[in-house]
C-alpha cells in the first residue's frame with residue numbers, strides 16, 4: 001500500500017535514529033534515497049551489534065535500510081554536491097542526523113536548501129539540540145540513556161543503574177521525527193509551505209519518560225525509588241514485577257493483593273488489608289509473593305491467574321516466543337532480498353491500514369547501486385542551477 005506514493009525523501013542520516021524514520025516512510029510508500037559516502041557508506045554498514053554479518057555488513061544495517069535506494073556522493077566534491085542539490089530541488093523531504101554545524105559547513109543547511117526548494121520538509125535529528133553546553137556531545141544511545149535518568153528506572157534498588165537492552169533513544173527519536181515529517185507534509189498539502197522539523201535524541205528520551213518525570217515534577221522533586229526486589233516500575237505498587245517459579249518466570253502487573261492472596265492461597269498476604277500498604281510496604285509484599293511463587297511452576301500459576309482476569313504473562317525468550325501461536329498469527333517476520341539475491345529475514349512494519357500490511361520484499365541496497373538509475377530518473381547530469389519546486 002503506497003500511502004506516500006510520489007513522496008521523495010533524501011536521507012543523509014546514518015546508523016539508527018534517522019534511518020529508522022526513513023524506514024517507516026519507505027514502508028508507507030515513499031521513495032527513500034540514502035546519500036552515502038563513496039567507499040565507506042553509512043557507518044552502520046560496518047558498526048556491528050553482533051557477530052552476525054550479512055554480505056560483509058552488519059545485520060542492523062540490513063534491518064533498518066530495507067526498501068531504500070543508495071546514492072554514493074562525495075559532498076566535498078563540487079560535482080557530486082551539485083547533483084545532490086538537483087535531487088533536493090525535486091525532493092519532498094530531506095533528513096540528516098549530523099552534529100550541529102556540519103550541514104552548514106557542507107552548504108546544505110536549512111536556509112540554503114530552502115532557497116533551492118522552498119517547499120521542502122527539512123528534518124534533522126541532533127543529540128542534545130542546537131544550543132546549550134551539550135550541543136556538541138555525541139548523540140549515542142547508551143550515553144543518552146545514562147544522561148537522561150532512564151538507567152535509574154530498571155533493575156532493583158540495590159543494583160547499579162541499568163540501561164535498556166535495545167537502542168530505545170535512537171528508535172524514539174526516529175519515531176518522533178517521522179511524526180513531525182508526516183504532520184508537516186499534511187500542512188504543506190494545505191498551505192504549500194515547507195518546514196523545518198527538529199528533534200533531539202535527548203528531548204525524545206525525556207518525553208519517553210513523561211509518566212515518571214511528571215510524578216517527579218509534582219512530588220516535591222522526590223527521586224523515583226526502585227523496588228528492592230522484583231522491580232518493575234518505580235511508581236507502581238506491589239505486585240508489579242517479574243517473579244521466578246520452579247520452571248521459569250512470570251510477570252504480574254497491577255492487581256488487588258487480597259484477591260491475589262485468595263487465588264494463590266498465600267495466607268501471609270492477607271494481612272495487607274490497607275491498599276496504601278501495597279505501595280508503602282511493597283518490598284515486604286513482593287518478598288512474600290516471591291517466596292510463595294517459587295514453590296510451584298508457571299504452568300500451574302498462570303491458569304489460576306488468567307481465569308480470574310489477573311494481568312499476568314509468561315516471561316519468554318525469542319525461542320519460546322516463536323513457537324507461540326499468538327506470535328505466529330501476526331506474521332511479523334518478512335524475508336527481503338538484496339540486489340545480490342541474498343535473502344534476509346527481519347521484522348515488518350507494525351502498521352496496518354484497512355487491514356493491509358505495509359510490506360515490501362526489497363532488501364537494503366549495496367553502496368551506490370542506484371546511482372545510474374537515480375541520475376537518469378532525476379536528470380542529474382546537466383549543469384545545476386537552483387530550481388524552485390512548484
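Assigned to a helix (DSSP H, G or I), in the same structural domain as residue 136 (by TED's automatic domain parsing) and in contact (Cβ under 8 Å) with a residue 60 or more places away in the chain: which single residue out of 34, 85 fits that description?
Answer to the check: 85.
Working carefully through the options 125, 106, find the one that is over 30 Å from residue 343 (Cα atoms), modelled with pLDDT of 95 or more, surrounded by 21 or more Cβ atoms within 10 Å (Cβ to Cβ) and touching a helix residue (DSSP H, G or I) at 6+ places or on another chain (Cβ under 8 Å).
125
Could you say whether any residue in the range 283-296 is within 26 Å of the chain's Cα centre (by Cα) and either part of a loop (DSSP other than H, G, I, E, B) or touching a residue at least 60 places away in the same chain (Cβ under 8 Å) (or both)?
So far as the range 283-296 goes, no, none of its residues is within 26 Å of the chain's Cα centre (by Cα) and either part of a loop (DSSP other than H, G, I, E, B) or touching a residue at least 60 places away in the same chain (Cβ under 8 Å) (or both).
From the list 161, 133, which residue is under 30 Å from residue 227 (Cβ atoms) and either at pLDDT 95 or above or buried (at least 18 other Cβ atoms within 10 Å of the Cβ) (or both)?
Answer to the selection: 161.
All but one of (1) touching a helix residue (DSSP H, G or I) at 6+ places or on another chain (Cβ under 9 Å); (2) farther than 20 Å from residue 140 by Cβ hold for residue 23, so report the exception by its number.
Here residue 23 clears every test but (2).
Only one of 355, 326 is under 24 Å from the mean Cα position of the chain (by Cα), on the phi > 0 side of the Ramachandran plot and without any contact (Cβ under 8 Å) to a residue 60 or more places away in the chain; which?
Among 355, 326, only 355 is under 24 Å from the mean Cα position of the chain (by Cα), on the phi > 0 side of the Ramachandran plot and without any contact (Cβ under 8 Å) to a residue 60 or more places away in the chain.
Just to be sure, is residue 273 in contact with a strand residue (DSSP E or B) (Cβ under 9 Å, 6 or more places away or on another chain), closer than 20 Å to residue 308 by Cα and either part of a loop (DSSP other than H, G, I, E, B) or free of Cβ contacts under 8 Å to residues at least 12 places away in the same chain (or both)?
It is false that residue 273 is in contact with a strand residue (DSSP E or B) (Cβ under 9 Å, 6 or more places away or on another chain), closer than 20 Å to residue 308 by Cα and either part of a loop (DSSP other than H, G, I, E, B) or free of Cβ contacts under 8 Å to residues at least 12 places away in the same chain (or both).
Looking at the range 343-352, is at least one residue surrounded by fewer than 13 Cβ atoms within 10 Å (Cβ to Cβ), touching a helix residue (DSSP H, G or I) at 6+ places or on another chain (Cβ under 7 Å) and either more than 26 Å from residue 60 (Cα to Cα) or modelled with pLDDT under 95 (or both)?
No, there is no match, as no residue in the range 343-352 is surrounded by fewer than 13 Cβ atoms within 10 Å (Cβ to Cβ), touching a helix residue (DSSP H, G or I) at 6+ places or on another chain (Cβ under 7 Å) and either more than 26 Å from residue 60 (Cα to Cα) or modelled with pLDDT under 95 (or both).
Test residue 47 against the stated conditions and say whether it is farther than 23 Å from residue 173 by Cα and assigned to a loop (DSSP other than H, G, I, E, B).
no
Being more than 25 Å from residue 317 (Cβ to Cβ) and in contact with a strand residue (DSSP E or B) (Cβ under 8 Å, 6 or more places away or on another chain): is that true of residue 184 here?
Yes; evaluated as a whole, the condition is true for this residue.
The values are calculated or read from the model by the stated rules, or taken from the named source; none is laboratory data. Since the model is a prediction, treat every value here as computed from it, not as a measurement. With ideal geometry, Cβ positions are generated from the backbone for all residues, glycine too; neighbour counts draw on all protein chains shown.
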